[in-house]
Amino acid sequence: MQKKIGIPRRPAQATQKPSRTKPTNTHEPDYTLIIILGVILVFGLIMLSSASSVLGWQKFGDHNYFLKHQLLYGVLIGIVAFWVMSKIDYHYWKKYAFPIVIVSIFLLFLVLIPGIGYEFLGAKRWVSILGIPFQPSELVKLTFLIYLATWLEQREKKLEDFSYSFMPFIIMIAFLVFMVAGIQKDLGTMIVIGVISIVVYFVAGAPWKHLGWMAGGGAILFYLLIKIAPYRANRLTTFLNPELDPQGIGYHVNQALLAIGSGGVFGLGLGHSRQKFNYLPEAAGDSIYAIIAEEMGFFFAVGLVLLFFGLAYQGIKIARNAPDAFGKLLAVGIISWVSFQAFVNIMAMIGLLPLTGITLPFISYGSTSLITVLAAMGLLVNISRQTRKTKIS
């Protein structure tokens, strides 16, 4: 009898297609970046508990009210966002870059709707979702960065083209200026978005002549924003001459300098700030660095600056070793965002820059800001898992 000749079967593993959901070259994340971030975050919570204690007792009868709110609505949600963003391959967001930026812009419009958007201290910047305050302009920092990185990667070889690249870029920025600085009167957030966008635009390979055009346009825009809202000119006048009106427009910066000077080398001690007793405006917000210097002294104040430098250094390493242009632009944008906010806030507190209302990342009170920036750092960690090096030290 003849034996039937069968076709040999391939091994089961040979028929399996490689997974496209996970990158094949992942490795351990940048643990140095994560450790520095953790130290800043914990230190920030400690200082927030002190800086906000007086205001919490006066408004809500609870010294720890703002700390609890930051933990529940900021840290808890923010750590979940950080973990999720660190686990999802960052290339995944390219597919949804346009929809998410449209959703975030829609949220900017919700601020104008009565009953949903509400005003605080003369500015309409917040919406209430399920009774929880939310600031859409903070979300735009991240969603617009993702969209811009995607958009620039697609135009990488045509960035010198005026009509194809430069004009659409300027139109996008102008629209955000109108929405954030014009309608919501949030110049600080608009400055941050502008700096992130310009840095990413030039890292992508845009020519220097575009920078000259933007510098001229920026000067005109700055003049118009001052004419629309004269209080912005007062901030510049105060910066140049803080002694002119110490009880008026110069009060904030003078009280911040007084707090920093009172701290000296070793500080007054944790919880022993005098300026937080309603002398220094926004003690738990924009001005928290002054409270840190007052209570903890020179060494801790400088140490915090060094931690932000360390965070920036690790971010630059990740950007340099990113596996593609999209990852590089995202990493540059995120680290520019965090570093710029931190150093502008600190320099304003020590009198080297005008007050802008820009918060200190991971430390100032504000749940939306904290959630968004932690999500961005999670995205940066995911990029660090895919860098060209096998391990980042």
So which residues in the stretch 271-281 are without any contact (Cβ under 8 Å) to a residue 60 or more places away in the chain and surrounded by 19 or more Cβ atoms within 10 Å (Cβ to Cβ), if there are any at all?
Gln275, Leu280
Considering only the stretch 283-306, state which residues are within 12 Å of Gly44 (Cα to Cα) and either under 20 Å from the mean Cα position of the chain (by Cα) or without any contact (Cβ under 8 Å) to a residue 12 or more places away in the chain (or both).
Ala284, Gly285, Ile288, Tyr289, Leu304
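Here is a list: Phe309, Phe340, Phe299. Which entry is among the aromatic types (Phe, Trp, Tyr), surrounded by fewer than 22 Cβ atoms within 10 Å (Cβ to Cβ) and touching a helix residue (DSSP H, G or I) at 6+ places or on another chain (Cβ under 8 Å)? I'd like the intermediate steps shown before the answer.
On the way: Phe309 fails: touching a helix residue (DSSP H, G or I) at 6+ places or on another chain (Cβ under 8 Å); Phe299 fails: touching a helix residue (DSSP H, G or I) at 6+ places or on another chain (Cβ under 8 Å).
Checking each option against the conditions leaves just Phe340.
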If a residue must be within 16 Å of the chain's Cα centre (by Cα) and over 22 Å from Ala204 (Cα atoms), how many such residues does the stretch 312-363 contain?
13
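Quick note: the coordinates plus some simple rules give every number you see, no bench work behind them. Here the structure is a predicted model, which means the values were calculated and not measured. FYI the Cβ positions are ideal-geometry reconstructions off the backbone, even for glycines, and counts take in every protein chain you see.
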